[in-house]
Amino acid sequence: MSDNLVLELLRAIRGDIGVLGTDIRDMKHRLTLVEMGLAGIRRDIAGVFEQMAGSSLRSDTLEARVQRIERRLELIDQTP
């Protein structure tokens, strides 16, 4: 093989490696964006569950208060 051919091949390889490096940087950036989006979705889901738990707690509290009022007004049987 001549020296020129070897140099041409090495330049071609260097160019291909440069393109691969750029592609990998782009993929890392896109992966970071996906991870950030996923973290946001997880926060949103956690917020929904927190709201559901709060609603359930308020509902339980209201139910207990209504039962207490009904017992005081003798609207329901008070024997357990």
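Would it be correct to say that Asp77 is surrounded by 10 or more Cβ atoms within 10 Å (Cβ to Cβ) and of a type in the set (D, E, K, R)? First the steps, then the outcome.
On the way: surrounded by 10 or more Cβ atoms within 10 Å (Cβ to Cβ): no; of a type in the set (D, E, K, R): yes.
The answer is no for Asp77.
So is Ser2 surrounded by 10 or more Cβ atoms within 10 Å (Cβ to Cβ), modelled with pLDDT under 95 and of a type in the set (Gly, Ala, Ser) or not?
The answer is no for Ser2.
Pairs, please: C-beta under 7 Å, at least 6 apart or cross-chain, first residue at negative phi and in region 61-75, second modelled with pLDDT under 90 and assigned to a loop (DSSP other than H, G, I, E, B)?
Correct list of pairs: Glu70/Ile76; Arg71/Gln78.
The values are calculated or read from the model by the stated rules, or taken from the named source; none is laboratory data. A quick note: this is a predicted structure, and the numbers were derived from the prediction, not measured. Neighbour counts run over all protein chains shown; Cβ positions are idealised from the backbone, glycine included.
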